[in-house]
Amino acid sequence: QSLFGIGSTSKMFTTTAIMMLSDQGKLNLDEPIVTYIPEFKMTDRRYKGITIRMLLNHSSGIMGSTFVNGFLYDYPSTLNHDELLSQLAKQQLKAAPGEFSVYCNDGFTLAEIVVEKVSGTSFSEFIKKNIAEPLDMSNTYTPQDDFDRNRLVRTFNNEEETPVDTINLIGTGGVYSTAEDLCRFGQIYMNDPGYMPAANLLSQDAKVKTMNEEYRRGFGPDQ
């Protein structure tokens, strides 16, 4: 029953949301994100070539991590989410879109915003209605949900309890969950899941797409 902040495993919730909308024909992975977020702008005009797929495979060329107001002690806030587009509007790209992959948190916050624009609902509500409830993941939340925060695991420094860390970049790293719920969630991507509610949440085509060896396009050490 222990709730953990699952950090960047949250990115798989964002990926799943995007792939669900792709299955429904509501977005195209290779469509520029300006199609879905018209107000998205950067000082480097190459930003117009950034696609949704590039957000998910870390090849957008966006600098990396805009964490302003993102990490706050026990304080749920939407400031980082609400201000991301204005922050990115001041930034250059570090590479041409699609040139190579290198870890980029902002790409997943942008993908979170794409989910909201396309679905017409908040990201937290999308997770709840389309992932958590169908899989009976009753112990999965975001900082924007109402839940008993006393259930969150505590950390200590020199025997003194430290404040609860709230990561308000939900699609990048802000989801809370339990080990059991994540086991249910992970079966979405299995060919033959033992947990049947997970079997049809994504099409086989979507699962195959997520297994592309995108990392060979430059992620990590020289191949």
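The values are calculated or read from the model by the stated rules, or taken from the named source; none is laboratory data. Nothing here was measured: the structure is a model prediction, and the numbers come from that model. Every residue, glycine as well, gets a Cβ built from its backbone with ideal geometry; the counts of neighbours run over all protein chains shown. Just the protein is used for accessible areas: all its heavy atoms, side chains included, with ligands, DNA and RNA removed. Shrake-Rupley method; radii C 1.70, N 1.55, O 1.52, S 1.80 Å.
At a glance:
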read-out	value
Boolean, residue 66 is touching an Asp or Glu at 6+ places or on another chain (Cβ under 6 Å), in contact (Cβ under 8 Å) with a residue 40 or more places away in the chain and among the β-branched types (Val, Ile, Thr)	yes
Checking residue 58 against (1) closer than 10 Å to residue 169 by Cα; (2) surrounded by 17 or more Cβ atoms within 10 Å (Cβ to Cβ), the condition it does not meet	(1)
Members of the range 83-141 found to be in contact with a strand residue (DSSP E or B) (Cβ under 7 Å, 6 or more places away or on another chain) and aromatic (Phe, Trp, Tyr), listed by number	141
Which numbered condition residue 117 misses (of (1) open to solvent by 60 Å² or more (accessible area, probe 1.4 Å); (2) more than 22 Å from residue 82 (Cβ to Cβ))	(2)
Tabulated pairs, the range 144-165, first assigned to a helix (DSSP H, G or I), second open to solvent by less than 100 Å² (accessible area, probe 1.4 Å) and at pLDDT below 95, C-beta under 8 angstrom, 6+ apart or interchain	149/74; 149/164; 151/2
Search result, residues across the range 176-194 that are open to solvent by 70 Å² or more (accessible area, probe 1.4 Å), in a loop (DSSP other than H, G, I, E, B) and in contact (Cβ under 8 Å) with a residue 12 or more places away in the chain	191
Selection from the range 98-111 of residues that are farther than 20 Å from residue 12 by Cα and open to solvent by 30 Å² or more (accessible area, probe 1.4 Å)	99, 100
Residue, least open to solvent (accessible area, probe 1.4 Å), within the range 120-131, restricted to residues that are without any contact (Cβ under 8 Å) to a residue 40 or more places away in the chain and not in a loop (DSSP other than H, G, I, E, B)	125
Scan of the range 54-68 for residues that are closer than 10 Å to residue 84 by Cβ and at pLDDT below 90, ordered by number	68
Residue satisfying all of: in the range 21-55; of a type in the set (Lys, Arg) and within 16 Å of residue 111 (Cα to Cα); least open to solvent (accessible area, probe 1.4 Å) among these	53
In the range 133-142, the residues that are in contact (Cβ under 8 Å) with a residue 24 or more places away in the chain, under 14 Å from residue 17 (Cβ atoms) and open to solvent by 10 Å² or more (accessible area, probe 1.4 Å)	134, 140
Candidate set: the range 79-97, residues that are open to solvent by 10 Å² or more (accessible area, probe 1.4 Å) and in contact with a Gly (Cβ under 8 Å, 6 or more places away or on another chain); chosen: the one nearest to residue 34 (Cα to Cα)	97
Selection status of residue 168, open to solvent by 40 Å² or more (accessible area, probe 1.4 Å) and either under 26 Å from residue 56 (Cα atoms) or free of Cβ contacts under 8 Å to residues at least 60 places away in the same chain (or both)	no
